[in-house]
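Participant: Sharing a structure here in structure tokens format.
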Amino acid sequence: MTVTISRLYDNYADAQKAVQGLESAGVPHSDISIVANNSDNWYSAGTKVDRDHDGVDDRAEGAGKGAGIGAGVGGAAGLLAGLGLLAIPGLGPVVAAGWLAATAVGAAAGAATGGIVGALTEAGVSKEDAPLYAEGVRRGGTLVSARVPDGDRTRLESILNQSAVNLGDRSAAWQKSGWKTFDPASKPYGADEVQKERQRYGAGIR
């Protein structure tokens, strides 16, 4: 039986380490997904991604292997070689790679069950947690999700737990400020709002 495990991170660097940890633990690239807020344009089409430190952009290396949103990438490049810019309802501009991003883009735009929440619940994330993950990305965070065998869940969750946001504590803080639930029709956070959100939780910049 396969289950979906997800975690939210305050910055892309922590999420990147989580993805690399999953890959090192044997999770196939095609079963991992990353969705990162890009309201402050930290990533652009010209941004170099050189994970294997060979001086060559990993996305260029992976292009011949089918790199791209929703595609599994072989070799040293891994999932992060398939990063691309997308717009997802309620989140605004995001940098994403993997199956979840492809599902979210294909879901009904603006519908309560569409977009990122619909993609997460379809993958087995609870209806309670899915809107929290979506709101976390909207506010500047990065979401990592993986489809894993149920028997490996505990081991792989321990990898994801490193530097992950405590979703319960964070959502409680949002609710104190009047937040109710994620709304895909709401206006995405701008760069200034994302910066303030990161400062509020000591997340810093990406």
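None of the figures in this text is laboratory data; all of them are computed from the coordinates on show. All values derive from a computational prediction rather than experimental measurement. We place every Cβ from the backbone using ideal geometry, glycine too, and count neighbours over all the protein chains shown.
Participant: What is the distance, in nm, between label points placed 7 Å from the Cα along the Cα-to-Cβ direction at residue 153 and at residue 87?
Facilitator: 3.8 nm
Participant: Sort 17-27, 134-144, 190-200 by packing, meaning the average of other beta carbons within 10 Å per residue, with the highest value first.
Facilitator: Top of the packing list down: 134-144, 17-27, 190-200.
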